[in-house]
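The values are calculated or read from the model by the stated rules, or taken from the named source; none is laboratory data. Model, not experiment: these values are computed from the prediction. Cβ: placed from backbone, ideal geometry, glycine included. Neighbour counts: every protein chain shown.
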């Protein structure tokens with residue numbers, strides 16, 4: 001099993017964990033328009049909508065944050081959780097844009113993949 005398959009599975013489980021304890025909530029995949037591949041997940045409750053996505057890059061870029069923002073707009077979500085490997089570098093402008101866009105960046109360690 002490749003690293004990206006494992007990482008996608010971890011993100012799916014993390015999205016499920018967001019649902020834990022929230023009544024009347026649901027999980028819906030966000031599909032990429034061109035390929036139909038799962039881009040992330042929308043976690044929806046009566047109080048809010050959260051986009052949960054993952055990126056596997058050595059350096060997080062402004063384009064990554066823009067893609068998450070597009071998913072948030074498309075899903076009409078107020079905020080997002082972006083899961084990245086612990087080794088990913090985040091430049092300051094990228095972190096600033098993520099913060100201003102209400103995107104919380106969560107680093108996953110190798111031990112998190114065995115949830």
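Looking across the range 39-61, the residues that are assigned to a loop (DSSP other than H, G, I, E, B), in contact with a strand residue (DSSP E or B) (Cβ under 7 Å, 6 or more places away or on another chain) and closer than 14 Å to residue 103 by Cα come down to 55, 60.
If the condition is being within 13 Å of the chain's Cα centre (by Cα) and modelled with pLDDT under 70, then the range 18-57 contributes only 18.
Selection of first residues in the range 25-44 that are without any contact (Cβ under 8 Å) to a residue 12 or more places away in the chain and of second residues that are assigned to a strand (DSSP E or B) and surrounded by 17 or more Cβ atoms within 10 Å (Cβ to Cβ), restricted to Cβ pairs under 8 Å at least 6 apart or on distinct chains, gives the following pairs, ordered by first then second residue: 31/39; 32/39. Of all the listed residues (35, 66), the sole one being under 22 Å from residue 91 (Cβ atoms) and either touching a strand residue (DSSP E or B) at 6+ places or on another chain (Cβ under 7 Å) or outside any strand (DSSP E or B) (or both) is 66.
Exactly one residue out of 81, 60 is crowded, with 17+ Cβ neighbours inside 10 Å, within 12 Å of the chain's Cα centre (by Cα) and in contact (Cβ under 8 Å) with a residue 40 or more places away in the chain, and it is 81.
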